[in-house]
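Working notes, structure below.
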Amino acid sequence: MSGYLVRRALNAIPLLLFVSMAVFALTHLSGDPVEAIVGGGEVASNPELEARIRHDLGLDDPLPVQYLNWLKGVLRGDLGRSIQTHQPVREALADRLPTTLQLALAAWAIGILISLPLGVIAAVRQNTWVDHGATVLALSGVAVPSFWMGLMFILFFGVWADILPPSGFVSITDDPLKALQYLILPAVTLGVHQTGSLTRQMRSAMVEVLNQDYVRTARAKGLVERSVIIRHGVRNAMLPVLTVLGLQAGALVGGTVVVEQVFAIPGMGRLALTAVLAHDIPVVQGFVLVATLAVVTANLVTDVMYGVLDPRIHYGR
Amino acid sequence: MRPAAPALPARLRRLVRKKPVGAVAFFIILALAIAAIASPLLAPYDPLEPNYNALRQEPSFAHPFGTDQIGRDLLSRIIYGTRISFLVGVVSVGVAVCIGTPIGLIAGYFRGPTDELLMRIIDAISAFPSLVLALAIVAVLEPSLLNVMVAVGVTSVPIFARLTRSQVLSLRERDFVLAATSTGASDTRIMLRHIMPNAASPLIVQATLGLGIAILAEASLGYLGVGVQPPTPTLGGILNQGAPLIERAPWLSIAPGVAIFTLVLCFNLVGDALRDALDPRQRKG
């Protein structure tokens with residue numbers, strides 16, 4: 001297992017190198033970085049200043065050298081400074097990471113809590129109205145734009161019913177009860193969006209498992225149906241579902257950008273959006289790097305979890 | 001020799017009978033597409049023309065979906081917005097198919113180092129969360145209709161590349177390909193004349209589903225304010241402008257969202273039905 005882990009982690013290195021090159025390229029694709037810092041007019045009227053900044057930033061080095069210097073900085077945790085606020089990007093992202101993590105984890109948990117039971121029930125009650133209802137719900141979950149669902153939640157629960165705060169954020173470490181109130185609407189918005197593919201995957205995996213011989217044997221032995229479904233069904237059906245769970249990390253990260261904007265949550269996604277609108281490329285680069293690293297890590301963890309859930313998989317043998 | 005499959009029209013007729021929901025969804029899409037194409041004829045008002053005598057009006061006979069903060073008719077804006085949604089959907093899926101399919105075809109057909117290299121590039125593109133990648137592309141290229149279509153298209157390239165590759169890997173071992181090879185057909189001819197026509201079905205299904213995904217992505221970028229820029233009416237853009245007024249003018253946020261939801265749901269339902277019609281192996285239990 002540990003051998004496999006090392007191999008899998010090593011495989012991720014070329015991938016991350018390619019990602020880093022693409023992220024580095026953002027600086028140059030978006031125009032002249034010196035112009036972005038001091039403005040085009042200043043560059044034209046003050047060539048000495050331009051040359052000094054270019055030298056200070058290492059922009060007069062050949063491109064491969066620039067990339068290697070940038071990569072060295074990134075590996076040391078130096079992601080540059082925001083053009084807008086001059087705050088170190090690492091600091092700006094670190095300040096907002098806990099907020100985004102709380103939202104993403106809560107949404108992930110809600111997605112699992114809704115879709116796994118729904119998928120199991122749909123499979124057990126196959127081709128009944130429960131099954132059809134679950135399919136419609138799952139398809140709707142995929143089709144509904146998360147920002148619109150968020151706006152409707154704000155309208156119904158925050159404005160008309162006035163039972164939950166329509167926007168804002170309180171950290172769970174500051175006031176857990178209040179934090180929960182603020183977290184419910186955004187987490188459900190983001191979570192429901194994840195349920196579509198998860199419910200359908202759980203349903204089809206369960207349908208397949210429930211038709212297996214070992215399930216028939218378990219029933220023939222006289223096991224209680226609930227035990228057959230949970231012990232023999234769910235555990236074996238979890239394997240393909242896990243892939244979807246891992247793949248959803250990307251959608252979850254993207255979803256936080258939208259949901260943070262809808263509910264005015266001061267997280268990483270909102271920071272990234274402000275940076276995109278202000279053409280603040282170092283912050284965009286930092287966010288893309290962190291988001292992609294999160295996805296690559298989630299995929300690695302998914303691979304490892306395969307072995308934990310399915311003892312038949314023995315890595316590296 | 002494979003047994004002859006029933007003709008496509010016959011299969012489609014059977015599909016309409018067996019999958020009425022998919023058929024209804026298809027006709028809704030057709031109606032919306034016609035409305036989008038004929039928007040200058042169908043829209044009751046100019047979508048860009050402000051009317052300072054009808055600011056933020058609730059839905060009424062004159063304005064069935066109400067008016068926005070500068071008096072523009074919301075129904076007209078939604079009809080024109082749907083046009084942009086279709087355009088972005090079709091072009092970005094086209095971009096994804098035109099880039100992804102050749103990559104998957106070459107990787108699957110030649111295998112070996114070519115396959116390794118191309119698929120590692122595809123892996124790297126997939127590592128970026130799609131909305132984050134689209135945001136980064138728009139940040140670099142500036143928000144515009146063309147750039148949004150490119151950004152949304154690029155994020156869908158991996159799925160078409162992987163799907164094509166998996167089809168080609170299995171098809172290239174089939175007897176009809178071996179027969180073509182033995183007659184001295186060139187690689188290009190085998191790929192384009194023998195493999196691609198047989199790999200088309202799942203790609204058509206994915207393209208249909210991809211249209212829904214692309215429309216959703218365009219709407220998300222529009223809502224975030226980095227999509228097609230005003231004054232061009234887009235469904236996401238209308239929501240972006242309506243969201244701050246949700247307490248005082250909720251109609252500005254309800255109708256465009258319903259339009260996006262309907263479009264995406266219909267494309268998903270049609271995609272599901274097509275999957276059953278074109279690829280019976282994928283039929284659900």
Exercise for review: List the number of the failed condition for B:R281; all other conditions in (1) more than 10 Å from every other protein chain (Cβ to nearest Cβ); (2) within 26 Å of B:F27 (Cβ to Cβ); (3) modelled with pLDDT under 90 hold.
Suggested key: (2)
Check your understanding: Which of the residues belonging to the range B:243-264 are more than 8 Å from every other protein chain (Cβ to nearest Cβ), farther than 16 Å from A:A143 by Cα and not basic (K, R)?
Key -> B:P244, B:L245, B:A249, B:W251, B:L252
Review point. Given the structure, is B:F61 among the aromatic types (F, W, Y) and not in a helix (DSSP H, G or I)?
Key: yes
**Study point:** Test result for B:D73, charged (D, E, K, R) and free of Cβ contacts under 8 Å to residues at least 40 places away in the same chain
**Key:** yes
Exercise for review: Would you confirm whether any residue within the range B:59-72 is of a type outside the set (K, R), closer than 21 Å to B:V228 by Cα and either surrounded by fewer than 13 Cβ atoms within 10 Å (Cβ to Cβ) or within 20 Å of the chain's Cα centre (by Cα) (or both)?
Suggested key: no
Exercise for review: Tell me, yes or no, whether the range A:229-241 has at least one residue that is under 18 Å from the mean Cα position of the chain (by Cα), surrounded by 14 or more Cβ atoms within 10 Å (Cβ to Cβ) and in contact (Cβ under 8 Å) with a residue 60 or more places away in the chain.
Suggested key: yes
Review point. Got at least one residue in the range A:54-64 being more than 30 Å from A:V207 (Cα to Cα) and in contact (Cβ under 8 Å) with a residue 40 or more places away in the chain?
Key: no
**Study point:** Lone unmet requirement of (1) more than 24 Å from A:P186 (Cβ to Cβ); (2) away from every other protein chain (no Cβ under 14 Å) for A:V124
**Key:** (2)
Study note, to complete from the structure: The condition from (1) under 18 Å from the mean Cα position of the chain (by Cα); (2) more than 30 Å from B:A214 (Cβ to Cβ) that A:L164 misses is numbered (1)
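Every residue, every condition in (1) at positive phi; (2) surrounded by 13 or more Cβ atoms within 10 Å (Cβ to Cβ); (3) charged (D, E, K, R); (4) without any contact (Cβ under 8 Å) to a residue 12 or more places away in the chain, yes or no:
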site: A:Y4; (1), (2), (3), (4): no, yes, no, no
site: A:H28; (1), (2), (3), (4): no, yes, no, no
site: A:N46; (1), (2), (3), (4): no, yes, no, yes
site: A:R96; (1), (2), (3), (4): no, yes, yes, no
site: A:T100; (1), (2), (3), (4): no, yes, no, no
**Study point:** Unique residue being within 28 Å of B:D272 (Cβ to Cβ) and either among the polar types (S, T, N, Q) or in contact (Cβ under 8 Å) with a residue 40 or more places away in the chain (or both) when the list is A:G168, A:G133, A:G191
**Key:** A:G191
Check your understanding: Can you find a residue in the range B:44-51 that is surrounded by 14 or more Cβ atoms within 10 Å (Cβ to Cβ), free of Cβ contacts under 8 Å to residues at least 24 places away in the same chain, closer than 26 Å to B:L87 by Cα and over 20 Å from the mean Cα position of the chain (by Cα)?
Key -> yes
Review point. Which condition breaks for B:N268 when tested against (1) surrounded by fewer than 21 Cβ atoms within 10 Å (Cβ to Cβ); (2) within 9 Å of another protein chain (Cβ to nearest Cβ)?
Key: (1)
Check your understanding: Is at least one residue of the range A:127-143 outside any helix (DSSP H, G or I) and modelled with pLDDT of 90 or more?
Key -> no
Review point. Does A:A143 satisfy the criteria of being in contact with a Ser or Thr (Cβ under 6 Å, 6 or more places away or on another chain), of a type outside the set (D, E, K, R) and within 14 Å of another protein chain (Cβ to nearest Cβ)?
Key: no
Point to revise | Output for the range A:169-217, where each listed residue is under 21 Å from the mean Cα position of the chain (by Cα) and among the basic types (K, R) | key: A:R200
Exercise for review: Hey, can you tell me all the residues within the range B:47-100 that are in contact with a His (Cβ under 8 Å, 6 or more places away or on another chain), aliphatic (A, V, I, L, M) and farther than 21 Å from B:T234 by Cβ?
Suggested key: B:A54
Review point. Given (1) surrounded by fewer than 17 Cβ atoms within 10 Å (Cβ to Cβ); (2) at pLDDT 90 or above; (3) over 27 Å from A:L190 (Cα atoms), where does A:T85 come up short, assuming only one miss?
Key: (2)
Exercise for review: Give the number of residues within the range B:157-188 that are buried (at least 19 other Cβ atoms within 10 Å of the Cβ) and touching a Gly at 6+ places or on another chain (Cβ under 6 Å).
Suggested key: 6
Check your understanding: Which one is nearest to the other protein chains (Cβ to nearest Cβ) among residues in the range A:146-163 that are without any contact (Cβ under 8 Å) to a residue 24 or more places away in the chain and not aliphatic (A, V, I, L, M)?
Key -> A:W148
Check your understanding: Are there any pairs with C-beta distances below 7 angstrom linking a residue in the range A:296-317 that is at pLDDT below 70 to a residue that is surrounded by 15 or more Cβ atoms within 10 Å (Cβ to Cβ) and not in a helix (DSSP H, G or I), with the two at least 6 apart or on different chains, and if so which?
Key -> A:G307/A:Y315
Revision key, fill the gap. Checked the range B:26-41 for anything without any contact (Cβ under 8 Å) to a residue 60 or more places away in the chain, aliphatic (A, V, I, L, M) and over 9 Å from B:T82 (Cβ atoms); matches are B:L30, B:A31, B:I34, B:I37, B:A38, B:L41
Practice item. Would you mind finding the one in B:V154, B:V140 that is at pLDDT 90 or above and buried (at least 20 other Cβ atoms within 10 Å of the Cβ)? Key: B:V154
Review point. Looking at the range B:108-126, is at least one residue hydroxyl-bearing (S, T, Y), in a helix (DSSP H, G or I), within 14 Å of chain A (Cβ to nearest Cβ) and closer than 26 Å to A:V290 by Cα?
Key: yes
Practice item. Scan the range B:136-177 for residues that are more than 20 Å from B:N198 (Cα to Cα) and of a type in the set (G, A, S) and jot them down. Key: B:A136, B:A139, B:S144, B:A151, B:G153, B:S156
Review point. If we keep just the residues of the range A:258-302 that are more than 9 Å from chain B (Cβ to nearest Cβ), hydrophobic (A, V, I, L, M, F, W, C) and surrounded by 24 or more Cβ atoms within 10 Å (Cβ to Cβ), which is farthest from A:V23 (Cα to Cα)?
Key: A:F263
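The values are calculated or read from the model by the stated rules, or taken from the named source; none is laboratory data. Being a predicted model, the structure only gives us computed values, none of them experimental. Because the Cβ atoms are built from the backbone with ideal geometry, glycine has one as well, and the counts that use them run over all protein chains shown.
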